[in-house]
Amino acid sequence: MNAAAAPFLPFALPEIGDEEIAEVVDALRSGWVTTGPKTRQFEQDFTAFLGDPALQSIAVNSATAGLHLALEAVGVGPGDEVITTTHTFTATAEVARYLGADVVLVDIDPATLNVDPRAMEAAITPRTKCLVPVHYAGLAADMPAILDIARRHGLKVVEDAAHALPTTVGGQLVGTLGSDATVFSFYANKTMTTGEGGMLVTRDPELAKRAKVMRLHGMSRDAFDRFTATVPSWYYEIVAPGFKYNLTDIASALGIHQLRRVRDFQRRRVELAAALDAGLAGLPLVLPPRAPQGDQHAWHLYVVRLSDDAPVTRDVFIERMFAAGIGCSVHYIPLHLQPYWRDRYGLTPQQFPHSQRAYERMASLPLYTRMTDADVARVCAAAREALQRP
Ligand SMILES: *Cc1c(COP(=O)(O)O)cnc(C)c1O
């Protein structure tokens, strides 16, 4: 097959069905387009999906917003330190800076590419307030170790679960693990999407109350409560300078149906990852780590690393894949290399040897539910070709 003649295979694509579209149309026709009944339903469905009625799900217009609300609600403020992984998207860390707190970045475990709990513990100071693990690529971080560290040091834990729907740890879904809050993302390329959107999940009623108030201007009652009350209800109180982070009913209409399909999506992602593993076997690549026996990997990303004996650099590999019509990406350029974080905290690659080495050798290959088996074969053939000669 002439790969270059085939249509370009993008790195990610959402899968939106007729039910999502009909529900969006229903929202548009209903006259209620902002936060309202569909958002309420999406939140209830999300709690039901996680299977723990003690949880509250709070819909927001991005995971970034959810992380900001979660850190605010656990009390992160000026002078505090938040510890997270350098190997993440900047959103994980930037929210601490919104609140005037400092970010302490630590290295990863090279086997899992997840934050190293020992590095987190070593970075604790009297100013440390909160640990923010990221479940990288959809593989759970070492939550038992992180929750234990938090307990022993009296710290909060907010999970960045942008990649982790549905991921399990010891058979339990991320979102139900006993951290203070967990935040999911419904950005366009995540395992389910509302275009833009996120969900903050917590068991702590006080935290939930604060996050709900701060989600909508610091208002003591939300707009839906006010406008649907059976008695005239124009009165509200502003109790804090809040944010504008509510999710629209148009987005929630998508979310309701995407959530119903997310287990099927995950099964397809598992199949695709297994097919990629098989098709790439024997190449000079380190294939992605597997979830421990009995646990679920959400497979948001399929990240390979070039082995020492690969004949090309990562950059050349990605260029050749692109020339063969295959989109790749890199997750992530570590924060310690980004000018803002590097300069703000005087960071060097030597402080993060595992993240640095992984970054230099990694590429994310296409992995999304609309890929066909033939698409997987194309990706593997292109990788084989790209790695055949210097
Ligand atoms: C996508 C992502 C976010 C931000 O999600 P948004 O919904 O786009 O705000 C945060 N953290 C990680 C690790 C992500 O991949």
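Taking the convex hull of the alpha carbon positions in the range 114-221 and averaging its projected area over all directions gives 7.8 nm².
Taking all protein chains as they are arranged and a probe of 1.4 Å, the heavy atoms of Tyr236 leave approximately 100 Å² accessible to solvent.
Calculated on C-alpha atoms, the gyration radius of the chain divided by its Kirkwood radius gives an Rg/Rh of 0.99.
If you take the alpha carbon atoms of the range 156-313 and fit the smallest convex hull around them, that volume is 169 Å³ per residue. Bridge orientation summary for the chain: considering DSSP beta bridges with both residues in this region, about 60 percent are antiparallel.
Packing here is the average count of other Cβ atoms within 10 Å per residue, and on that basis the peptides 277-290, 134-147, 368-381, highest first, run 134-147, 368-381, 277-290. For the range 279-390, report the % of Cα-Cα distances exceeding 18 Å. Cα-Cα pairs in the range 279-390 separated by more than 18 Å: 56 percent.
Our analysis of the range 25-69 gives Rg over Rh at 1.04, with the two radii drawn from alpha carbon positions and Rh computed by the Kirkwood formula.
Net charge near Leu272: determine it from the other residues with C-beta under 13 Å of the C-beta of Leu272, scoring Lys and Arg +1 and Asp and Glu -1. Taking every other residue near Leu272 into account, the sum is -1.
The shape of the range 1-98 can be summarised by an equivalent ellipsoid whose semi-axes, obtained from the alpha carbon gyration tensor, come to 32, 27, 13 Å from longest to shortest. Count the DSSP beta bridges whose two residues both fall in the range 122-216, then state the antiparallel fraction as a percent rounded to the nearest 5. Beta bridges within the range 122-216, antiparallel portion: roughly 50 percent. When Trp32, Trp234, Trp341 are compared by accessible area at a 1.4 angstrom probe, the order from most to least is Trp234, Trp32, Trp341.
The distance from the alpha carbon centre of the range 82-110 to that of the range 344-381 is 19 Å, rounded to a whole number. If R0 equals 25 Å, the separation of the Cβ atoms of Ala281 and Ile16 corresponds to a calculated FRET efficiency of about 0.15.
Can you check what the net charge comes to around Glu206, using other residues whose Cβ is under 13 Å from the Cβ of Glu206 (Lys, Arg +1; Asp, Glu -1)? For residues surrounding Glu206, the net value is +2.
Taking label points 7 Å from Cα along the Cα-to-Cβ direction, Tyr235 and Thr313 give a separation of 6.8 nm.
Using the alpha-carbon centroid of each, what span in Å lies between the range 270-303 and the range 1-72? Distance between centres, Cα-based: 26 Å. Of the DSSP beta bridges with both residues in the range 1-134, give the percent that are antiparallel, rounding to the nearest 5. Bridges in the range 1-134 are about 10 percent antiparallel.
The values are calculated or read from the model by the stated rules, or taken from the named source; none is laboratory data. Keep in mind the model is a prediction, meaning the values are calculated, not measured. Here the Cβ is made from the backbone with ideal geometry for all residues, glycine too, and neighbour counts use every protein chain on show. When the accessible area is computed, the model is the full protein with side chains, heavy atoms only, and any ligands, DNA or RNA have been set aside. Shrake-Rupley method; radii C 1.70, N 1.55, O 1.52, S 1.80 Å.
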